[in-house]
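Enquirer: Okay, here's the structure, questions in a sec.
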Amino acid sequence: MQECHFDVETRSTVDLRRTGAEVYFEHPSTDFWCFAYVFGDGMPQAWWRGLPMPEDIQDHIAEGGLLVSHNATFEWLGINKILAPRYGWPTIKFDQMECTAAMAAALALPRPLDQVGAALGLDVRKDEAGKKLMMMMSKPRRIEGPNISWWDEQIKLDRLVDYCVVDVLTEREAHRKMKPLSPNERRVWQLDHVINQRGVHVDLKSVRHAKVVVDKSMNDLQKELQILTDFTATTVGEVKRIGDWLRGQGLDMDSLDKRAVKDALAVIHDPKLRRVLEIRQEGSKSSNAKLERFEEGVGEGGRIRGLLMYHGAGTGRWTGMRLQPHNFPRPTPEWDAEAHAMYFDLLPKRDNKLLDMVFGSTVTATSNALKGFITAEPGSILYAGDFSNIEGRVLAWLAGEKWKVRAFEAFDRGEGPDIYKMTAAGILSLMRGTNVTPADVTKHERQGYGKVPELACGYQGGVVAFQTMAKNYDVTFTDEAADTIKTAWRQRHPRTKTLWYDVERTAAHAVHNPGQIFRVEPLEGDPYQRIEFLVKSNILWCRLPGGRVLAYMDPKIREVLAPWGEKKDAVTYMGVDSVTRRWMRFAGYGGLWVENIVQAVARDVMVFAMFRLEAANYPIVLTVHDEILSETPEDFGSVEEFEDIMRIVPPCYAGLPVAVDAHRFFRYQKGD
């Protein structure tokens, strides 16, 4: 049976980007303009409102035929929530769907269809003029009370149908040029869909209480700012005006972003200047915007759906959408389970002065508590399991740092110190020339000489990476001290250091010799875990120990400036910039390749645990970084069972020391 490629165009009073597709298609104003499709190599056809359903589409769906689209969940929802109940179309099963956006993501290509076409060099490209028309017609012309006027002139509809047809042809050509998802990755993509359709339950009453107290606090802060600055600045968002006032007080700051304000507060003692900076710090927190996303995204059953993006990172890891649970701010150090519970106990009073008195700041407390607006439904409970230091463990296992693998295993058995203390002791011993034991390491030394270098140095990070990480943990070192610690860390991890260079060398061999498979091997010593490189079809493939492959498009050897200032030949490739979303050329180096490999392995370990949890009746509702969140009936399961399930690794990763920290609660929160 031939596959059917299709695309749809819709309209609504709802802002899709803010609410998500689930809420969008639940709204009564949402409707279809048209449905364009093509079977195999055939000619494209189109349906629009007022026409009978095409018989060939009806037969194809009824026979379980494959339906291919770009961003398949959107079309799946539209057919099942609009076309089926309103226009008599049959519903479709998600396992009939295939998604070219998911295929593109798995190849580390851009996700938008027009950018996929450009990156693949397709003859058929996105219709930019049609895109502008589509964006206009997706919204009302005007709304007057209950009356909604649409852009429904026939000439516009005809042009929109043409645009939709071009998208179908572009998607068909992209589908033919891209490697399909492997059977296992297709299972992961389908699980992603299941998780997104379950969604997370939201305590909407508490969200609305929080919006009130945060608004009150923001008004108070802005009034105080106006008085302090003699009305030079009237809102916390007026960055230039605040900067001008600070300059007038003798404090010249290039930026008023989060890091700059935090650094300034560490050295400034003038009470008035400090208070203005504190107001800027408080007022720029993301908590208010997050509360808006909570409220806008809640749909059927009080749940937010569609928060996860499959293969959001090139390594296969998930990223977040809209509410962005992956970038919830880290709670302040003093925020614990007791504070979390107390905040939600006091919140219904809607008294920001009371919250200020108890927590010091309503805005900061709300920021700390953001996870807690996600709850289990009544009669249910949440389980959250986090893989502890998974990247550090995977890196040690991949590189063959046997002493470190044994240290992780001993700690997990309760027989040895934690790795940060052990690392700090080793580095301090090298620096001081005396034996420092983990028991000798102070809390401050654990952070500065243990945790910071562990997080900063594993991927070939130098002084800049070290200092950036040190700032994140409020640790201060001179550049000279940072360089000494970096060097000591590398001395403690000789296998990791050689892995960087061996991976870099092997990737270059593959680019120089297309069609040949090269395994990463050390020049001496025991072999690493199996990692292979191959260039085929103008893609550099990196095969992980578990068999999954990472893709790097259009690999070329070019002279580049390395991060440490040296000019050298390096493997370069095309990829998506994580900040600008531009399709651009990147230069690879050993630490970057190793980082990608480690994160990809960590993702595969988590995916294995996700399938095991699903099979054990722990339905997953969210995953954030290395954490899995499940919602079950409140009398089901246990923390111990949850941890045991997550701790088991795939056979191909035997020997990888995995530790899991799990918790059980009604209201989502950070672990102890």
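The values are calculated or read from the model by the stated rules, or taken from the named source; none is laboratory data. Keep in mind the model is a prediction, meaning the values are calculated, not measured. Please note: Cβ atoms are built from the backbone with ideal geometry, for glycine as well, and neighbour counts cover all protein chains shown. Note: areas computed on protein heavy atoms with side chains; ligands, DNA, RNA excluded. Shrake-Rupley method; radii C 1.70, N 1.55, O 1.52, S 1.80 Å.
Enquirer: Helix-only mean residue ellipticity at 222 nm, the chain, DSSP H runs n ≥ 4 weighted -39,500 (n - 2.57), per residue, nearest 500. What is it?
Expert: Values: 27 runs with 305 residues, N = 672.
One gets -14000 deg cm²/dmol as the mean residue ellipticity at 222 nm.
Enquirer: Can you find, among A482, V463, P545, the residue farthest towards the positive end of the dipole of region 455-565? Put +1 on the C-beta of Lys and Arg, -1 on that of Asp and Glu.
Expert: The residue sitting most towards the positive pole is P545.
Enquirer: With the Cα gyration tensor of region 183-267 giving a ≥ b ≥ c as the square roots of its eigenvalues, does the rule (a/c under 1.5 for rounded; else a/b larger than b/c for prolate; else oblate) give rounded, prolate or oblate? Walk me through the numbers before you get to the answer.
Expert: Details: a/c = 4.44, a/b = 2.00, b/c = 2.22.
Oblate shape, in that a/c is at least 1.5 and b/c is the bigger or equal ratio.
Enquirer: Can you put R585, R519 in order of accessible area, largest first, using a 1.4 Å probe? Numbers along the way, then the final one.
Expert: Values: R585 60, R519 95 Å².
These residues rank, largest area first, as R519, R585.
Enquirer: What Kirkwood radius, in Å to one decimal, follows from the Cα pairs of the chain?
Expert: Numbers: mean 1/r = 0.0358 Å⁻¹.
The answer is 27.9 Å.
Enquirer: Still on this structure, please answer the following. Given the pairs K262/K486; K81/K132; K371/K443; K132/K205; K402/K443, which span a C-alpha to C-alpha distance of over 32 angstrom in this model?
Expert: Numbers: K262/K486 25 Å; K81/K132 26 Å; K371/K443 27 Å; K132/K205 39 Å; K402/K443 26 Å.
Beyond 32 Å between Cα atoms: K132/K205.
Enquirer: Where in region 1-70 are there GluC sites (Glu not before Pro) that are in a DSSP coil and have at most 12 other Cβ atoms within 10 angstrom of their Cβ? Present the calculation step by step, with values, prior to reporting the outcome.
Expert: On the way: sites: E3, E9, E22, E26, E55, E63; in loops: E3, E63.
Of the GluC sites (Glu not before Pro), the ones in loops of region 1-70 whose Cβ has at most 12 other Cβ atoms within 10 Å are E63.
Enquirer: Mind checking the full-extension length gain between E338 and A84? Use 0.36 nm per residue of separation minus the Cα-Cα distance, one decimal, nm.
Expert: Numbers: separation 254, 0.36 × 254 = 91.44 nm, distance 4.85 nm.
My answer for the length gained is 86.6 nm.
Enquirer: Still on this structure, please answer the following. Mind checking which of P329, F294, Q249 is farthest towards the positive end of the chain's charge dipole, using Cβ charges of +1 (Lys, Arg) and -1 (Asp, Glu) about the Cα centre?
Expert: Of the listed residues, the answer is Q249.
Enquirer: So, in nm, how far is label R176 from label D569 when the simple model puts each one 7 Å beyond its Cα toward the Cβ?
Expert: With each label placed 7 Å out from Cα toward Cβ, I get 3.7 nm.
Enquirer: Taking all protein chains in place and a 1.4 Å probe, what share, in percent, of the accessible surface of the chain do carbon and sulfur account for?
Expert: On the way: 15490 of 29910 Å².
For the chain, the apolar C and S fraction of the accessible surface comes to 52 percent.
Enquirer: Continuing with this model, one more query. Starting from the alpha-carbon convex hull of region 125-241, give the projected area averaged over all orientations, in nm².
Expert: Values: hull surface 59.9 nm².
Result: 15.0 nm².
Enquirer: Let me ask something else about it. Charges on Cβ only, +1 for Lys and Arg, -1 for Asp and Glu, centred on the Cα centroid of the chain; of G588, N80, Q599, which one is farthest towards the dipole's positive end?
Expert: It is G588.
Enquirer: Restricting to bridges with both residues inside the chain, how much of the DSSP beta-bridge set is antiparallel, in percent to the nearest 5? Mind showing how you got there, number by number?
Expert: Values: 64 of 69 bridges.
So the antiparallel bridges amount to about 95 percent of the total.
Enquirer: Magnitude of the Cβ-charge dipole of region 16-143, K/R +1 and D/E -1, about the Cα centre, nearest 20 debye?
Expert: Values: 14 positive and 15 negative charges, 189 e Å.
About 900 debye.
Enquirer: Oh, and also: Using the Cβ atoms and a cut-off under 14 Å, what net charge is assigned to the surroundings of V503, where Lys and Arg are +1 and Asp and Glu are -1?
Expert: So the surrounding residues net to +1.
Enquirer: Let me ask something else. Work out the length of the dipole vector of region 476-550 about its Cα centre, built from +1 on the beta-carbon of each Lys and Arg and -1 on the beta-carbon of each Asp and Glu, and round it to the nearest 20 debye. Don't skip to the end; give the middle numbers.
Expert: Details: 11 positive and 9 negative charges, 72 e Å.
Magnitude of the dipole: close to 340 debye.
Enquirer: Follow-up. Which net charge results for the neighbourhood of A602, defined as the other residues with beta-carbon distances under 10 angstrom from its beta-carbon, given Lys and Arg at +1 and Asp and Glu at -1?
Expert: On the way: positive: R317, R393, R603; negative: E391, D604, D626.
Residues close to A602 contribute a combined charge of 0.
Enquirer: Treating the beta-carbon of each Lys and Arg as +1 and of each Asp and Glu as -1, no other charges, what is the dipole magnitude of the chain about its Cα centre, to the nearest 20 debye?
Expert: Numbers: 86 positive and 93 negative charges, 247 e Å.
With Lys and Arg at +1 and Asp and Glu at -1, about 1180 debye.
Enquirer: Can you give the accessible area of V576 in Å² (nearest 10), computed on protein heavy atoms with a 1.4 Å probe?
Expert: 40
Enquirer: In what sequence, highest mean first, do 608-615, 545-552, 419-426 appear when ranked by Cβ atoms within 10 angstrom?
Expert: Details: 608-615: 17.5, 545-552: 19.8, 419-426: 24.0.
Going from most to least packed, we get 419-426, 545-552, 608-615.
Enquirer: Could you tally the net charge around S429, taking each other residue with its Cβ under 14 Å from the Cβ of S429, Lys/Arg +1 and Asp/Glu -1?
Expert: Details: positive: K421, R432, R492; negative: D440, E445.
Overall, the nearby charge balance is +1.
Enquirer: Of all DSSP beta bridges located in region 27-147, what percent are antiparallel, nearest 5?
Expert: Details: 5 of 8 bridges.
Percentage antiparallel, nearest 5: 60.
Enquirer: May I ask you to order 482-495, 219-232 by the average number of other C-beta atoms within 10 Å around their residues, highest value first? Mind dumping the intermediate values first?
Expert: On the way: 482-495: 18.7, 219-232: 15.1.
In decreasing order of mean packing, 482-495, 219-232 become 482-495, 219-232.
Enquirer: Ok, one more. What nm value, rounded to one decimal, do you get for the distance between D483 and R519 when each label is placed 7 Å out toward the C-beta?
Expert: Between D483 and R519, the label points sit 4.0 nm apart.
Enquirer: Further question: Please calculate how many Å² of accessible area the chain carries per residue, with a 1.4 Å probe and no DNA, RNA or ligand atoms counted. Walk me through the numbers before you get to the answer.
Expert: Values: 29910 Å² over 672 residues.
Ligands and nucleic acids excluded, the result is 45 Å² per residue.
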